Structure formats: C-alpha cells, structure tokens
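Asks: For reference, the structure I am asking about is given below.
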Amino acid sequence: MQVRNGSEALGERQGTEARVPAPREPSTGPVQVSRSSVAAEVALAAVALVLLGGTVLTYPFRGDQAIFALIGRQVLHGETLYTDLWDVKQPGVFLWYGLADALGLGETGARLLDVLAAVAFGACVWGLLRRRTSTPWVRRWLPVLATGVLLASAGPGDFGQPEMLCLVPAVGAFALVAADPDRAPGWARIVGAAVCVGVVGVFKLPLAAVAGLALLVFLALRLRGRARVVAVAVVLGAALVPVLLVLAWLAARGAGGAALRVWLVDALDMGAAHGSRSPFRLLEGLGRYCLWSAPVVLLAARRAGSAWRRRDALDLAMVAFAVLHVLSVAGQFGWWYQWYFLSAPLVLLALRGLDDLAPRLARGPRRGRAITLLAVACLPLLAHAASWTVPAVLDGGGLTAASRARIDERVAGYGTIRTEIAAAGVRPDDSLFVLGDPLYHLLADEPLVVRTNGWDYDLMADRQWRELAGEVAAARPTVVLVDDQAAGWLAERGPDLRVELARDYTPIRTGAEGTWYRLR
C-alpha cells in the first residue's frame with residue numbers, strides 16, 4: 001500500500017518526492033470477543049490494578065519526593081526557582097508537586113497522580129500498539145499489562161521521579177506518529193510528537209534528548225527524501241517550545257540567567273564532583289531494574305534481536321531509545337530510579353515480543369518450555385510487588401490513621417523523624433536547615449530557608465560546598481541538623497560549613513540520626 005499524502009500526511013506541496021512509498025508495517029483489524037470474556041477479563045484486571053495501585057497510594061514520601069514538594073509549594077507561593085531556591089533539576093517536577101499541594105491533595109493525592117500517570121502510560125501503549133498486535137488476547141490486555149508491570153516493578157522511591165512522570169509524554173510522542181502502521185505520519189502529528197518531547201525536557205533535559213533522538217530515528221525510517229531533513233528541523237524547533245516557554249517564565253521572574261547556569265554549568269560541575277559517579281551504583285541500579293522487570297527485559301531482548309532483520313521502524317527506534325538511555329544514565333549519577341525511563345522502549349518491545357510468542361504459548365512444540373521460562377522470569381517481579389503489597393495489607397492498608405502511621409514508619413521512618421524533631425526542641429517559630437533528608441523539613445512543616453537545599457550533599461562540587469556555607473551564614477537558621485548520612489560528607493568536603501557551625505552554633509543533641517545545632 002502506498003503512502004497517502006493529503007493534508008494530514010506529507011502534503012502534495014512537497015512534490016513527487018513525498019509520494020514515494022514508505023516501508024509498510026503490519027496492521028490488524030478489530031478484535032471479536034464475547035461480552036462475557038471481556039467482562040471476566042476486565043474484572044480480573046481491575047482487581048489486580050486496584051490492589052497494586054492501592055499499595056502505591058499508601059507509599060509515604062521519600063527524600064526526593066519531599067524536596068520536590070517543598071520546592072514546589074514555595075515556588076507556587078511566590079519564591080523563585082534557582083534564585084531563592086536551588087536544585088539541579090528542571091522545573092517540571094517541582095511544578096507537578098506544587099500543583100498537587102495547591103489543590104490540597106496531600107501525600108495520598110500526589111501518589112494518586114502517580115497511579116494515574118501509570119494508567120496513562122498504559123493508555124498510550126494501547127494507542128500505539130493496538131493496530132500492531134495480531135493476537136486478540138494480547139491486544140485486549142495491552143493497557144493492563146503495561147500499567148501493571150510499572151506498578152509492580154517500582155517502589156516508593158521510584159514513583160513521582162521525573163523518569164516515571166516522563167513515560168507518558170515520551171510514549172505519547174510515538175503514539176502520535178506511529179499508531180497507524182499503514183501511513184507515514186503527517187506534519188501535524190510530527191509537531192505534536194515534538195512538543196511531547198519538549199514536555200519531557202521541562203522535567204529533565206537528558207530524557208528529552210533520548211526521546212527526541214529516538215523519535216528522529218523513527219522518522220528517518222518512515223519518511224523519504226527531503227521530508228527527513230525537514231523533520232529534523234521541525235522536531236528540534238517544536239521540542240524547544242515548551243522549554244523556551246518555561247525559560248521565559250523564569251526570565252520574567254529574574255531567574256533566566258540563573259536557570260541556564262544551573263542547567264549548563266552546575267549540572268556539569270556536579271557530574272564532575274568527586275564520588276558523584278559510582279560504577280557500583282550504576283550496575284546495582286541496572287541490576288535491580290533488570291531483576292524486577294525480568295519478563296519485560298527478556299521479551300524485549302527477543303523482539304529487539306530481530307528488529308534489524310525485519311527493518312521495523314518502531315522496533316529500531318525503541319532499540320535506539322534503550323541504548324541512548326543506557327548511555328545517558330552512565331553519564332549521570334546512576335541512581336536506580338533513573339533506569340525506569342527504560343520502561344518506555346522495553347515495555348513496547350516486550351509486548352510486541354509477547355505477541356510474537358503467543359502462538360507458541362498456545363500450541364507450539366516447545367509450549368511447555370516457553371511458558372516455564374516466562375513464569376520463572378515473572379517470579380522476581382511478583383516477589384517485588386508482594387514485598388510492598390503484603391506488608392501494606394498486614395499494616396491495615398492505610399485505611400486508618402494508626403495503619404497509615406505504621407506504613408509511614410516502616411517505609412520512610414516518619415515516626416522516628418517526628419521523635420527526633422520533638423527531642424531536639426524545634427519550635428514553630430524556629431527556622432530550620434537540614435544537611436541531609438528533607439523529610440525533616442516536611443514533617444516539621446518548616447520551609448526551606450537556605451537557597452541550596454542540603455539533599456544533594458553527596459553530589460555538590462567544592463564550589464557549591466563553599467556557596468552553601470555562605471548561604472547558611474547569610475540566612476542564619478536557628479536550628480541546623482546534620483543527619484547521619486551527610487556527616488561524613490561534611491567532614492570530607494565542607495570545611496567552610498564546619499567553621500560556620502563551630503563559630504555560630506551550639507550542638508544540642510547527638511544520636512544515631514545525626515547532630516542538631518542551635519544558633520547561639
């Protein structure tokens with residue numbers, strides 16, 4: 001079938017070059033199933049997703065989510081990111097948490113948004129693959145499988161991270177241009193996909209680079225002639241729009257130059273700081289992800305192995321996506337949650353691999369071996385999901401205040417933190433600076449009063465340690481906590497801050513959780 005070039009596709013104005021047929025990809029027709037079968041499947045899927053999603057709702061914040069919420073709240077109350085408040089990340093994640101706070105959603109509401117983002121990811125996967133999946137039962141379960149594997153493989157520290165939130169616009173970009181395998185994408189859809197990439201950039205620029213380059217790989221394979229060159233310019237231009245709008249907003253608040261310095265200078269300084277990159281941490285994070293997503297990884301690898309032979313544009317773009325993200329994480333700090341952006345290409349490849357394998361699972365000569373291998377690969381995923389779901393159910397499911405308190409303490413040490421705050425005598429009129437876990441700020445209901453938050457103590461360059469000491473001296477918070485995890489970094493990297501604490505502060509409490517100081 002030849003590519004049809006109307007107003008939606010490439011446009012006749014591009015001449016005969018645009019009429020050259022693009023490679024045809026397989027598409028499928030509608031699935032015919034009985035209503036009783038659909039009802040049973042929907043009921044089963046609903047129970048599984050409600051159980052997994054309900055567990056996510058009980059997750060308390062960890063340190064990252066706490067700092068996102070604190071900065072987001074203060075930004076929406078008039079303070080300016082990068083001048084009044086500092087963090088190396090782009091603004092998207094802070095605005096996301098700030099909006100949740102402004103709507104009065106609280107922690108549970110923010111976690112509900114995490115669940116809805118996982119469901120939206122499943123919906124995007126369904127929109128992209130429904131015409132490319134030939135096995136009826138696989139096609140019907142596309143959104144459930146995509147959402148379920150995400151909910152089951154991630155933990156409290158993973159949800160709400162930019163890597164998880166960006167799965168929706170990243171897959172949405174490909175759903176816009178690749179949902180119809182019979183036609184090359186039109187310019188309107190290409191522009192829409194590029195804007196989705198730009199939205200990713202509002203949350204994290206390296207992720208946008210990965211998704212954008214993968215999108216260009218797909219377009220290079222699906223378009224012909226000059227359309228490929230034009231597509232590069234269109235994607236780059238449209239993807240810059242959301243990022244430039246955010247930069248203009250920051251510039252209007254007097255923080256445009258500071259934003260560029262953070263994105264282009266501070267980020268590189270932190271990446272070059274001693275100890276910021278750890279090969280062990282990199283491999284540990286990848287190992288966690290591969291273990292807990294083992295069936296996805298195996299099915300994706302099986303499908304990717306034949307991508308070049310089949311010249312499938314979407315598969316090749318997903319392989320490029322995965323390779324680019326591995327390189328991206330290796331060039332960053334290697335935290336385990338950064339690997340979850342791999343779920344975009346790997347889940348897509350895995351579901352297409354499952355579609356390939358489905359006939360063999362039904363009646364192939366090696367049916368038993370394939371089912372056994374897939375079942376064994378699912379065991380770590382199921383065990384990981386159970387490790388969070390079962391204790392939450394035993395704790396009462398978070399349905400009462402006492403049940404919620406048990407979960408909060410078990411997952412994030414909320415009770416311990418509140419006890420420390422009370423023992424240190426932190427009063428409502430005190431100002432607080434924590435070198436370490438920002439959950440102390442969140443649970444003490446104390447805003448950030450020092451520009452540089454103390455959560456990046458292990459990533460800051462020497463220059464940033466010196467700047468932090470000056471900011472503490474200028475802000476003079478009445479109470480300072482150096483938590484047990486940050487104490488070693490302060491001793492090794494923060495001589496100026498140690499001098500400031502010795503000169504103006506008195507230690508008032510030392511314990512297993514850290515050392516508290518009060519302004520003299």
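Asks: Can you compute the charge dipole magnitude of the range 440-520 about its Cα centre, using +1 on each Lys and Arg Cβ and -1 on each Asp and Glu Cβ, nothing else charged? Give it in debye, rounded to the nearest 20.
Replies: Here the size comes out at about 380 debye.
Asks: Quick one: divide the alpha-carbon radius of gyration of the range 223-355 by 2.2 N^0.38 Å and tell me what you get.
Replies: 1.33
Asks: Same structure, new question: 7 Å from Cα along Cα→Cβ at both VAL323 and LEU373: what's the point-to-point distance in nm?
Replies: Distance between the two pseudo-spin positions: 2.4 nm.
Asks: Please work out the C-alpha center-to-center distance from the range 151-227 to the range 434-498 and express it in whole Å.
Replies: 37 Å
Asks: Considering only DSSP beta bridges where both residues belong to the chain, give the percentage that are antiparallel (nearest 5).
Replies: Of the beta bridges lying entirely in the chain, close to 65 percent run antiparallel.
Asks: Can you pull the percent of the range 46-99's accessible area that's carbon plus sulfur, 1.4 Å probe, other chains left in place?
Replies: With neighbouring chains kept in place, the figure for the range 46-99 is 70 percent.
Asks: For the range 415-455, what is the largest minus smallest coordinate of the Cα atoms on each principal axis, given in angstrom and ordered from greatest to least?
Replies: Here the Cα extents, ordered largest to smallest, are 26, 20, 13 Å.
Asks: Add -39500 (n - 2.57) for each DSSP H run of 4 or more in the chain, then divide by its residues: what number comes out at 222 nm, to the nearest 500 deg cm²/dmol?
Replies: When only DSSP H runs of four or more count, the value is -21000 deg cm²/dmol.
Asks: Determine, for each peptide in 206-213, 511-518, the mean count of other beta carbons within 10 angstrom over its residues, then list the peptides with the highest first.
Replies: 206-213, 511-518
Asks: Per Stokes-Einstein, at 4 °C and 1.567 mPa s, what whole-number D in µm² s⁻¹ belongs to the range 431-504, with the Kirkwood radius over Cα pairs as the hydrodynamic radius?
Replies: The calculation lands on 107 µm²/s.
Asks: Still on this structure: Say the dipole of the chain comes from +1 at the beta carbon of Lys and Arg and -1 at that of Asp and Glu; which of LEU443, GLY155, THR133 then lies farthest toward its positive end?
Replies: Ranked along the dipole, the leading option is THR133.
Asks: State to the nearest 20 debye the size of the charge dipole of the range 176-306 about its Cα centre, where the only charges are +1 on K and R beta carbons and -1 on D and E beta carbons.
Replies: 300 debye
Asks: Okay, next question. Ranked from the most accessible area to the least, with a 1.4 Å probe and all protein chains present, what is the order of LEU103, LEU361, LEU219, LEU145?
Replies: The most accessible residue leads, giving LEU103, LEU145, LEU361, LEU219.
Asks: Counting only protein heavy atoms and a 1.4 Å probe, tell me what percentage of the range 273-420's accessible area is made up of carbon and sulfur.
Replies: Whole-percent figure for carbon plus sulfur exposure: 69.
Asks: With just the Cα atoms of the range 149-228, tell me how far they stretch along each of the three principal axes, in Å, largest first.
Replies: 47, 24, 18
Asks: Sticking with this one: Counting other C-beta atoms within 10 Å, and keeping those with at most 15, which DSSP coil trypsin sites (Lys or Arg not before Pro) do you find in the range 343-413?
Replies: ARG366
Asks: Right, here's the next one. Alpha carbons only, please: Rg and Dmax for the range 310-353, in angstrom.
Replies: Spelled out, the Cα radius of gyration and Dmax of the range 310-353 are 11.3, 35 Å.
Asks: Next up: So what is Rg over Rh here for the chain, counting just Cα atoms and using Kirkwood for Rh?
Replies: Across the chain, the Cα-based Rg/Rh ratio is 1.00.
Asks: Starting from 0.36 nm per residue, how many nanometres of slack lie between ARG363 and VAL50 once their C-alpha separation is accounted for?
Replies: 109.5 nm is the gain from fully extending ARG363 to VAL50.
Asks: Let me ask you something else. Distances longer than 18 Å among the Cα atoms of the range 281-426: what percent of all pairs is that?
Replies: Everything past 18 Å amounts to 69 percent.
Asks: Scan the range 319-349 for chymotrypsin sites (Phe, Trp or Tyr not before Pro) in coil per DSSP, keeping those whose Cβ has at most 15 other Cβ atoms within 10 Å, and list them by number.
Replies: none
Asks: Which ³J(HN,Hα) values, rounded to whole Hz and listed in residue order, are derived for the range 227-236 from phi using the Karplus coefficients 6.51, -1.76 and 1.60 in 6.51 cos²θ - 1.76 cosθ + 1.60 with θ = phi - 60°, glycine and proline given as x?
Replies: 4, 5, 5, 4, 4, 4, 5, 5, 5, 4
Asks: Please compute the length gained on full extension between LEU116 and ARG309, using 0.36 nm multiplied by the number of residues separating them and subtracting their Cα-Cα distance.
Replies: The LEU116-ARG309 span can extend by a further 65.8 nm.
Asks: Using Cα atoms only, what is the angle between the long axis of helix 205-222 and the major principal axis of the chain, expressed in degrees (0 to 90) to the nearest 10?
Replies: 10 degrees
Asks: Quick one: accessible surface of VAL195, probe radius 1.4 Å, all protein chains present, in square angstrom to the nearest 10.
Replies: Taking all protein chains as shown, VAL195 has close to 60 Å².
Asks: Dividing the convex hull volume of the Cα atoms of the range 50-183 by its residue count, what figure in Å³ per residue is obtained?
Replies: 111 Å³
Asks: A follow-up question, please. Using each residue's phi in the range 409-420, evaluate 6.51 cos²θ - 1.76 cosθ + 1.60 at θ = phi - 60° and report the 3J(HN,Hα) Karplus result to the nearest Hz, with x for Gly and Pro.
Replies: 6, 5, 8, 9, x, 4, x, 4, 5, 4, 5, 5
Asks: Looking at ALA194, ALA102, LEU468, which one has the Cα that reaches farthest to the positive end of the dipole of the chain (charges on Cβ: Lys, Arg +1; Asp, Glu -1)?
Replies: Farthest along the dipole direction, towards plus: ALA194.
Asks: Let me ask something else about it. Could you go through the range 99-109 in sequence order and give the Karplus-derived ³J(HN,Hα) for each residue, using 6.51 cos²θ - 1.76 cosθ + 1.60 with θ = phi - 60°, rounded to whole Hz, and x for Gly and Pro?
Replies: After applying 6.51 cos²θ - 1.76 cosθ + 1.60, I find 5, 4, 5, 5, 7, x, 7, x, 5, 4, x Hz.
Asks: How large is the accessible surface per residue of the chain, computed with a 1.4 Å probe and reported in Å² as a whole number?
Replies: Per-residue value: 42 Å².
Asks: Could you order peptides 258-270, 370-382 by the average number of other Cβ atoms within 10 Å of their residues, highest first?
Replies: Peptide ranking by packing, descending: 258-270, 370-382.
The values are calculated or read from the model by the stated rules, or taken from the named source; none is laboratory data. Predicted model only: the values in this text are computed from it and were never measured. Every residue, glycine among them, receives a Cβ derived from its backbone with ideal geometry; neighbour counts consider all protein chains shown. Note: areas computed on protein heavy atoms with side chains; ligands, DNA, RNA excluded. Shrake-Rupley method; radii C 1.70, N 1.55, O 1.52, S 1.80 Å.
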